[in-house]
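Participant: Take this structure first; my questions come after.
The values are calculated or read from the model by the stated rules, or taken from the named source; none is laboratory data. Please read these numbers as outputs of a predicted model, since none were measured by experiment. Heads up, the Cβs are rebuilt from the backbone with ideal geometry, glycines too, and the neighbour counts pull from every protein chain shown. The area values use the complete protein model at the heavy-atom level, side chains included, leaving out ligands, DNA and RNA. Shrake-Rupley method; radii C 1.70, N 1.55, O 1.52, S 1.80 Å.
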Amino acid sequence: MENTTERGTDRVKRGLAEMLKGGVIMDVVNAEQAKIAEEAGAVSVMALERVPADIRAEGGVARMADPGKVQEIIDAVSIPVMAKARIGHFVEARVLESLGVDYIDESEVLTPVDEFHVDKRSFTVPFVNGAKDLGEALRRIGEGAAMIRTKGEPGTGNVVEAVRHMRMMNSQIRSLTTLDPEELMNAAKELRAPIDLVREVAETGKLPVVNFAAGGIATPSDAALMMQLGCDGIFVGSGIFKSGDPAVRARAIVEATTYYQDAAKIAEVSRGLGEAMVGINIDTIPAEERMQDRGN
Amino acid sequence: MRVGALALQGDFREHLAAVARLDQEGVEVRTPEELATVDALIIPGGESTTIGRLATIYGLMGAIRKRVETGMPVLGTCAGMIFLASGTTGPEQPQLGVLDVIVERNAFGRQVDSFEADLRVEGLDAPMRAVFIRAPWIEKVGGAVDVLASVEDPGGGGIHPVVVRQDRILATSFHPELTHDDRLHSMLIDLAEEH
């Protein structure tokens, strides 16, 4: 029989994101946190040097995590491990791929190095990218992203921007499905998105890849809100390990993500969680410090 | 017929889409009450540790085990296969133990080693396009288990079973729900009709 085996196809890359659906991906900075996350029911962990809230507080250039640290996290858990590379930094991405990371987040949480994003099609490892709206999501998918997440405003514990981005995406998708074929080229021009992807979304009424919520999720209710708005799953960055009792809060967010339509269960898991992370109001953040405006 | 998909986490919607293409009623199952209403169950791909933990907390382990032991047909894919199995080669995790096999998790390697390939499955006339994502393989097969397909590890780890059947339990290492090839789902529905 001829050899029909292929690695790194769109189906294989997008497929891993399909398996993460309905789950919670948690930011961790060391092996100990990774084990707490896995034990709590996380579907994946995101390895990074500092959580977004600390990056925001400390300032300076935020880069890919130390490979030794990433390796330590890979060795600690059996669930998939993601890691962040700077926008446009294809060498950081190659380094993470060589370590065996399962997904790369080309992330606005880190300091961008280029006005162009990485050509993700040339990698075997899949990428997830952030998006504020449909055009941005389709540009990233056009570059090869196999998964999308809302950008939200990371490290704030304030879910308002993630809600805004999800609503924008939903409304733009809905309106594409109402257009005649003759109108789609103009829609692609306005969205600044590839026409073939615009046609696909107009036809199917959904993104061609999985879409998670990220940026500011801090409570079980936040997670359930994003699920009810139509997200496929949840990223929690600073919300867990910046809270009073990370293990308990992590478990509660996992359960609220599964039972997102059951208010009584969400009430039950939300009892006595201890301190949530201290939040930041978006309008107190100077425009140049808003991470969501990095990479467009 | 009502076919349930365990909807704790994973790609259960893709399974229910296959059920709908076969003109059967699909149901998301998150509670023992919902489980009681279905004639067959699909356990989807996802993370087996997450699914196992939620199933334990919400009283589904015993409920599913009892239904399977009294003849309800079940199809498990990837994480679903791990969840059905009697053990893994790694640390202990919640498993139903109704399928007499030992699985090796993430056996083919990490995501960069994930692959798709044509696979011949016993009982199907043409090969399936099989998508293996951080997939498990079967390390040890019990006496009552039939191996319906095996695959050669592209990473050089040898040939291992990836589709098995034990009475009314079907399990695959790969994801038939991702390729719109509904022949294994069809097999599950046939088993439920016989039952």
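Participant: Quick check: residue separation of A:Gln261 and A:Val113 times 0.36 nm, minus the Cα distance between them. What number comes out in nm?
Facilitator: Working: separation 148, 0.36 × 148 = 53.28 nm, distance 4.08 nm.
Net length gain for the segment: 49.2 nm.
Participant: If you average the alpha carbon positions of the range B:1-70 and of the range B:120-183, how far apart do those two centres end up, in angstrom?
Facilitator: Taking the Cα centre of each part, the range B:1-70 and the range B:120-183 sit 20 Å apart.
Participant: Starting from 0.36 nm per residue, how many nanometres of slack lie between B:Asp190 and B:Ala126 once their C-alpha separation is accounted for?
Facilitator: 21.2 nm
Participant: For a protection proxy built on the mean count of beta-carbon atoms within 10 angstrom, sort B:105-113, B:79-87, A:174-182 highest first, please.
Facilitator: Ranked from most to least packed, the peptides come out as B:79-87, B:105-113, A:174-182.
Participant: Which three lengths, in whole Å and largest first, does the protein assembly as shown cover when its Cα atoms are put on their principal axes?
Facilitator: Ordered largest first, the protein assembly as shown gives principal extents of 66, 55, 44 Å.
Participant: OK, next. What does the average come to when, for each residue of peptide B:7-17, you count the partner chain Cβ atoms lying within 10 Å of its Cβ?
Facilitator: So the per-residue partner count for this stretch is 4.
Participant: Using 0.36 nm times the number of residues separating A:Met185 and A:Glu39, minus their current alpha carbon distance, what extension gain do you get?
Facilitator: Separation in residues times 0.36 nm, less the Cα-Cα distance, equals 47.7 nm.
Participant: Could I have the simple spin-label model distance between A:Val61 and B:Asp167, label points 7 Å from Cα toward Cβ, reported in nm to one decimal?
Facilitator: Result: 6.4 nm between the two label points.
Participant: If R0 is 60 Å, what FRET efficiency do you get for A:Ile285 and A:Glu6 from their C-beta distance, rounded to 0.05?
Facilitator: Efficiency at R0 = 60 Å is approximately 0.85.
Participant: So what are the three principal axis dimensions of the range B:2-194 from its Cα atoms, in whole Å, longest to shortest?
Facilitator: On the principal axes, the range B:2-194 reaches 45, 37, 32 Å in Cα extent.
Participant: How far apart, in nm, are two points set 7 Å out from the Cα along the Cα-to-Cβ line at A:Thr204 and at B:Ala36?
Facilitator: Going by the 7 Å Cα→Cβ label model, 3.8 nm.
Participant: Using only alpha carbon pairs under 8 Å that are at least six residues apart, calculate the relative contact order of chain A and give it in whole percent.
Facilitator: 19 percent
Participant: So which GluC sites (Glu not before Pro) in the range A:217-296 are both in a DSSP loop and have at most 15 other Cβ atoms within 10 Å of their Cβ?
Facilitator: Counting only loop positions with at most 15 other Cβ atoms within 10 Å, the GluC sites (Glu not before Pro) in the range A:217-296 are A:Glu275.
Participant: Per residue of A:19-28, count partner chain C-beta atoms within 10 Å of its C-beta, then hand back the mean as an integer. Walk me through the intermediate numbers first.
Facilitator: Numbers: counts 14, 7, 9, 13, 8, 2, 0, 0, 0, 0.
Mean number of neighbouring Cβ atoms from other chains: 5.
Participant: Now a separate question. Shielding by partners for A:60-73, please: the mean number of other protein chain Cβ atoms within 10 Å of each residue's Cβ.
Facilitator: On the way: counts 0, 0, 0, 0, 0, 0, 0, 0, 0, 0, 0, 0, 0, 0.
That average works out to 0.
Participant: A follow-up question, please. Taking 19 Å as the cut-off for C-alpha to C-alpha distance, list the pairs among A:Lys35/A:Lys242; A:Lys132/A:Lys189; A:Lys69/A:Lys120; A:Lys265/B:Lys66; A:Lys13/A:Lys120 that go past it.
Facilitator: Details: A:Lys35/A:Lys242 16 Å; A:Lys132/A:Lys189 17 Å; A:Lys69/A:Lys120 24 Å; A:Lys265/B:Lys66 25 Å; A:Lys13/A:Lys120 11 Å.
Cα-Cα > 19 Å for A:Lys69/A:Lys120; A:Lys265/B:Lys66; rest within.
Participant: Counting only helical runs of four or more DSSP H residues, what would the 222 nm mean residue ellipticity of chain A come to if each run contributes -39,500 (n - 2.57) and the total is spread over all its residues? Please report the intermediate quantities before stating the final value.
Facilitator: Details: 13 runs with 127 residues, N = 296.
Helix-only estimate at 222 nm: -12500 deg cm²/dmol.
Participant: Can you tell me the FRET efficiency between B:Glu25 and A:Glu32 if r is taken as the Cβ-Cβ distance and R0 is 51 Å, rounded to the nearest 0.05?
Facilitator: 0.65
Participant: Estimate the FRET efficiency between B:Asp146 and A:Arg94 by the formula 1/(1 + (r/R0)^6), using the beta-carbon distance for r and 51 Å for R0, to the nearest 0.05.
Facilitator: It comes to 0.70.
Participant: Looking at the range B:10-112, which GluC sites (Glu not before Pro) are in a loop (DSSP not H, G, I, E or B) and have at most 13 other Cβ atoms within 10 Å? Could you put the intermediate results ahead of the total?
Facilitator: Details: sites: B:Glu14, B:Glu25, B:Glu28, B:Glu33, B:Glu34, B:Glu47, B:Glu69, B:Glu92, B:Glu104; in loops: B:Glu47, B:Glu92.
Here the sparse-neighbourhood loop sites are B:Glu92.
Participant: Related question: First compute the accessible area of chain A with a 1.4 Å probe, then give the percent of it belonging to carbon and sulfur atoms. Don't jump to the answer; show the numbers that get you there.
Facilitator: On the way: 5530 of 11710 Å².
Percent of accessible area from carbon and sulfur atoms in chain A: 47.
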